[in-house]
Every structure is written in structure tokens, then in C-alpha cells.
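Asker: This is the structure I want to talk about, given as C-alpha cells.
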Amino acid sequence: MSGCMTISRRDFMCAVAGCAAAASCSEPTHTPFFRDHLHELDEKQIEQLVADLEADYKDQYGVDIEVGTQGPREGVQFAYALDISRCIGCRRCVHACVEENNQSRDPEVQWIRVLEMDKARGIDFAHANAYYEAEKVPRDGHFYLPVACQHCADPPCVKSCPVNATWKEPDGIVVIDYDWCIGCRCCVSSCPYGARHFNWAEPEIPAEDINPKTHLLGNRPRHKGVVEKCTFCIQRTREGLYPACVEVCPVGARKFGNLLDPLSEIREVLRSKRIFVLKTELETHPRFFYFYGV
Amino acid sequence: MQTYKNFVGFVSGSLRIILRGGPLYWAWIVALLVMIGIGGYFYAEQLQHGLITTSMRDQCSWGLYIGNFTFLVGVAAAAVLLVVPAYVYHWGPIKEVAILGELLAVAAIAMCGLFVFVDIGHPERAWHLIPWFGRLNLPSSLLAWDVIVLNGYLVLNFVIVTYMLFRYFLGKKPNTSIFTPLVLFSIPCAIGIHTVTAFLYNGLPARPFWNTAILAPRFIASALCSGPAVLLVLMQILRRFTRFEIRDEAIWKIAELMAYFMGLNLFLLGAEVFKEYYSATEHLIHMQYMFTGVDGHTAIVPFMWLSVFCSIAAFLLFLIPATRRNVFTLNLGCLLIYLGVYLEKGMGLVIPGMTPDTLGEIYEYFPSRSEIAISAGIFSVGFLLFTLMVKVATPIMLGEFRARSAETGGA
């Protein structure tokens, strides 16, 4: 057990939480039941926490899962750009994301929602269709708008969370501490992009489908009752890799990089293309740009 | 020492009173306990399987629980209506019922807490919301503010009521230098809890249906209708079954005030309807979902029209002196107001605000059996709490239940 909690507080909270505690949190046995906020833990305590989490995942899935803690790098501000004139609506990004980020297969959780829109209407959410079924995409007269977390510079979700369970990292990634989230869903209500997803039931992932390379603030397996969302594949991008959706996109519609690097692809897009962001009027300042490549 | 002895006598005497009652009383208590049991069973199931047992999903992630919470904050806030005239203007007829208003506030806030508790995915982490122990995101999170004001209001009302009753129990009058400031303070607090709760919705520009400046005033106006409706019925019950003297004028006066507040409430709703339908922007769709349905999705439409009908009918019944003085139409009016506001706050606020969702998808939310059972269970907890408190408070206010020292020493 990690010693990150003083005895007196733990005893007190045990008494307060009482039977609700006993009823709903029997599964993980290694991670401490009561833990301080992640920002209050020192390096050693985080190390212990990661070891506890890995032991719990081993018990649950029988797989050796690595929980990384790679921090943000100096001089890096991540941003994303998506070329809607290229996107064909094939949804490969949706599924690559599910596999990379250990989303629940049952019930299905998907961090990317691809909206099919009428070319004649332009971007019009009221008439968008996220459930299009087509033998062949793109369909005539339609274009496609994939939407996931926009990693806003002024994220309304972070503002509305009552317990600081979600915050913006120094490199611009909006993350969630799944062990601190109380599951009130204020962030789901405040997000203008439908990017936040709640685990309505205990997530189910077949052990053979688990991606064992994870991050503490990213794709490590979640439990029921907490919110999750896109993290720009924090476990990959902080290691210098592209997000899974960028890699899988068959038409190269997805661009990703460091805003502070003048030679990055993202800067080239901002320089040379006509870009826009979703729901400009809400002043959330997304770090997710859309553009017309052709 | 004497105070301690008296307090022990107060507690044990209260317990005796609770356990003494006719068959009607016990039938009511047992019925409530059964409802609580059923709710508890469904809650245990929800704990085990997660909130998947509700009808809420990502597209409509708040539902009946949060709707009930909002409605009950209004009921709690409405105690102010009775407290203001009674204490500020020393207005006789309803002074004795102000205490009932405060008891109602205590029971309503307790229910509010329970509704939030059953709504969250990790109830065992609710301590993250306790200042110093957890980590409240102040000043930016409105839910964090709501936790503070609601708990503050609960404590405040509990203290006022206990103090008043204990003084009456001792055969003494409440010490006004302690008591008046507390009561006066509870007035802005009552407005505060409902305003902060309105801001919880109001402060979400992602949801245009809620992002309207008259949301808080609408909350207050509707609360000032629904809260007193409960009290009017209760006052009549007390008058019938106890020696409690509540004059007709008091009841009629409250009914008259309710008519004005309902008028205001309907006016504000009308202003909202005009703004949406006349400007007919993309934001209109939420109100269309409420009143006409969108693309054949009409699950809540009948309830919304029922709510409007109830509110208008009750407004007329309470506005016309003859009908608010008639026992039958008075109680019919109370029922209509309660139902009208309950549907408006419970369903008409939360569901259309989230339907269609932020990306335009329509998911038709309608509460699941489990949600309804758990909600009924929580209402039963509230009614039980309220019944027991009123059961003890009534004989104290009537001077039937007194400390021994008060009896021998004279009041």
C-alpha cells in the first residue's frame, strides 16, 4: 500500500464513507482506497501508485501493463489539424483510437465521433448524422467532420469540474485523473464538443486486446463511474510518436505537432491554409484546427 | 448541567413522541419505509452495475436525479417566503408556520444531497467535495459553490429550528439577539442557494437552452410557488389533526402570494418562449423538442403541455379570491402547482437543455424504472424526515411537550 495518506484522515474518511465504500470499490486491491490528489503526491508516492496500479491490472487482465508517467517537455505545445477536404469518413481513426487507448468494447466507448454532413448545408450540427452506414465512403453530396477533444486553451470542462479531477497540462493536453473523478458529469455538460464520455458500466476489454503500453493520465484501463476522453495519445506523443489516428488515416487528413516549432507540420498548415475552429463564438480557443487542404 | 439534563429530556421525549401515533400515522410511516426499501434495493443494483441502470447516456448525461435535485432546492429556498413576512414585518398570522417552513427546508436539502449522491459515479469519493479534506475547485466550479451554499443552508436551518424548538421546550422565548440575525441571514441564503443552482446550468455556454440571464429569476419564481404549496397542505393537515390553530387568513394570504409568483413565473416562461420562437435561431430546437418534438421525437412533449396547463389553471384558481378560499379548489390548486413546477423543473429544464446534444444528436431520454424507484425512495426519506420533525415540533409549539423544569417553574 502506498503511504500517501495520513492515518488520521484515512480513518476519518473510512468512517464517513461507510458502507458505500465497501459496496462499490471491492475490485482493486493494491491501489489505496483513499489517495491524495495527484498534484499533492511526490515522486516516490507516484512511483508506488504506478506499481500498485500495475499490480491491480495484472490481477484483472492477467497482462503486464506498463503505466508510464512521462511528463510534458519544455518548449512543446501540442496542436492538431484536420483537413476536411480530404477526410472520407471511413472511421478508421475511430477504431484505431479505441484499440490504442483501451476504450471499453462493451459497452462501446468511442472518443472520436465522425459526423456526416450535407455539402449543401455546410457545417450544421443540427442536421449532422453520426450513425451513417455506407457501403462506400465518401457518399455523394456529403462531407465528413471527425470531432474529438479539442484540447481548448480555455477548457470549460476544467472550469466546471468541482474537484480538480481534470486539468490542462503544460504541453496543452487536457487530462483526467480517473482515480479522483467523482463522476458528477459537470464536464460532460459543459463540453461544447461532446468529447467527454462517461463509463456508464464497468468497461469490458478482452485481455488479448489490451494495449499494455499506457500512461497514468491517458490510456490505462478505467473503471466504471468515471469520465474519459481523447488525450492526444499522451502515451505516444510525449515519446515523440504521432497519435494513433494520425498514423492510421489512409488519406493523410490528420496533422499533428508542436506549435512552438516553426518547422513543424502544424505550423506549416497554420501558415499556408485557411483554417477554422469549431464554435468560435464560445471562446474556448481549441488547439484542434480544421482546414480545407484543397 | 441543567441545560444538559434538559437536552437529554428533549431527545428522549422526542423519541417517545415519534413512537406514539394512531394507525394512520403508522400506515404512513410503514408505506414510506417500504418505498425506501425498494429504492435501496435499486440503488444497490445501480452501485453494482453502474449508472447503466439509468436511461442517462453521454448525449443526455443528467436526468431525473438532477431534475429532482433542482426542484427540491426550490422547495428549500421557498421557506424564505414564510420567514420574510413573519419576522421582518412581524406579521402575525403565519409566524407560527415559519418554523414548519424551516423544517421543510431541512428535509428538502437532505433530499437534494441524496439526489446528487445517487447521481455521481463514485459516491465513495464524495469526500473530494468536502473542503480541506477533498479539493474543491473554487472559485471556478459552480458545483463546488453549490456544495458550500447548500450545506451551509442545511446547517443554518437546522441550527435555527433546533434552537427555537429547544427554547420553546424550556418554556422560554427564543433570545432575539441570537435568533433574529440568524433568521435574517437565512433569507439571502435561500435566494443564494437557488441562484447558485441556477448558475450551475446558466454558466454553460455549451448549452444555449440554459444560457439565459432569466434562468435564476425563473428558478426563484417557480420555487416561490412549489414550496408554499407543500406547506399549505401541511397546515391544513395539522389544523385538522392537532390543536394547532392556523387561521384561514394565513392560508389565503399565502395562496394569494403564490398566485402573484405563479403569474411572474408564467411571464418569464413567456418571455423565454417569445425570444426563442421569434428569433428562431439554431437555439430554438431545444424549445421545439420540449413543446412540439423534433423529427418525431416527442417523449416529453405531453408532460410539458401538462405542466403549462397545471400552472395556468393553478394561477387562475389562486388569483380569484372565491376559489382560493374554497377548500376544494385551494387544494386542487396546490396539487396543480406542485405538479406543474415539478414537471417544469424535473423534466422541462434538464432534458431539453441536453436534447439535442452539443453535436446535434437526439437521444430520447426517459427515466428508467430504476431511476424512478430510487427517486421515489429519496422522496420517501425526505417525507419521513419531515414527518418525524413535524411530529416533534407540533407538541412543542403547542406547549404540550415541555421540559420538567419548565413545568414546575412555570413558563
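Asker: Tell me, which strands (runs of 3 or more DSSP E) wholly within the stretch A:180-291 include 1 or more residues that are β-branched (Val, Ile, Thr) and surrounded by 19 or more Cβ atoms within 10 Å (Cβ to Cβ)?
Answerer: A:213-215
Asker: I would also like to ask the following. Given the condition touching a strand residue (DSSP E or B) at 6+ places or on another chain (Cβ under 9 Å), in contact (Cβ under 8 Å) with a residue 40 or more places away in the chain and either buried (at least 20 other Cβ atoms within 10 Å of the Cβ) or more than 7 Å from chain A (Cβ to nearest Cβ) (or both), answer yes or no: does some residue in the stretch B:146-153 qualify?
Answerer: no
Asker: If a residue has to be more than 17 Å from residue B:322 (Cα to Cα), assigned to a helix (DSSP H, G or I) and not β-branched (Val, Ile, Thr) to count, how many in the stretch B:240-280 make the cut?
Answerer: 20
Asker: Let me ask another. Exactly one of (1) touching a Cys at 6+ places or on another chain (Cβ under 9 Å); (2) under 25 Å from residue B:111 (Cβ atoms) is unmet by residue B:358. Its number?
Answerer: Condition (2) is where residue B:358 drops out.
Asker: Within the stretch A:149-189, how many residues are over 21 Å from residue A:224 (Cβ atoms), at the interface with chain B (Cβ under 9 Å from one of its Cβ atoms) and of a type in the set (Gly, Ala, Ser)?
Answerer: 1
Asker: Now for a different question. Could you name every one of the strands (runs of 3 or more DSSP E) located completely within the stretch A:67-159 that has at least 3 residues being of a type in the set (Ser, Thr, Tyr) and more than 14 Å from the chain's Cα centre (by Cα)?
Answerer: none
Asker: From the list B:317, B:339, which one is under 23 Å from the mean Cα position of the chain (by Cα), surrounded by 16 or more Cβ atoms within 10 Å (Cβ to Cβ), farther than 28 Å from residue B:157 by Cβ and of a type outside the set (Ser, Thr, Tyr)?
Answerer: Every option except B:317 fails the conditions.
Asker: For the stretch A:206-222, does any single residue satisfy the condition of being in contact with a helix residue (DSSP H, G or I) (Cβ under 9 Å, 6 or more places away or on another chain) and within 14 Å of chain B (Cβ to nearest Cβ)?
Answerer: no
Asker: Can you tell me which condition residue B:165 does not meet? The list is (1) buried (at least 20 other Cβ atoms within 10 Å of the Cβ); (2) within 23 Å of residue A:155 (Cβ to Cβ), and all the others hold.
Answerer: (2)
Asker: Please give the number of the condition residue B:396 fails out of (1) surrounded by fewer than 20 Cβ atoms within 10 Å (Cβ to Cβ); (2) at pLDDT below 95.
Answerer: All conditions are met except number (1).
Asker: Note down all Cβ pairs under 9 Å where the first residue falls in the stretch B:44-63 and is closer than 27 Å to residue B:360 by Cβ and facing chain A (nearest Cβ under 7 Å), the second is part of a strand (DSSP E or B) and of a type in the set (Ser, Thr, Tyr), and they're at least six residues apart or on different chains.
Answerer: Once the first residue is closer than 27 Å to residue B:360 by Cβ and facing chain A (nearest Cβ under 7 Å) and sits in the stretch B:44-63, no partner that is part of a strand (DSSP E or B) and of a type in the set (Ser, Thr, Tyr) comes close enough.
Asker: I'd like to verify a number: residues in the stretch B:276-304 that are within 14 Å of chain A (Cβ to nearest Cβ) and surrounded by fewer than 14 Cβ atoms within 10 Å (Cβ to Cβ), how many?
Answerer: Selection size over the stretch B:276-304: 4.
Asker: Got a sec? Which of B:218, B:135 is under 30 Å from residue A:283 (Cβ atoms) and away from chain A (no Cβ under 12 Å)?
Answerer: Among B:218, B:135, only B:218 is under 30 Å from residue A:283 (Cβ atoms) and away from chain A (no Cβ under 12 Å).
Asker: While we're looking at this one, here's another question. What number of residues within the stretch A:238-256 are of a type in the set (Gly, Ala, Ser) and touching a strand residue (DSSP E or B) at 6+ places or on another chain (Cβ under 7 Å)?
Answerer: Of the residues in the stretch A:238-256, 1 are of a type in the set (Gly, Ala, Ser) and touching a strand residue (DSSP E or B) at 6+ places or on another chain (Cβ under 7 Å).
The values are calculated or read from the model by the stated rules, or taken from the named source; none is laboratory data. Computed from a predicted structure; not experimentally measured. We place every Cβ from the backbone using ideal geometry, glycine too, and count neighbours over all the protein chains shown.
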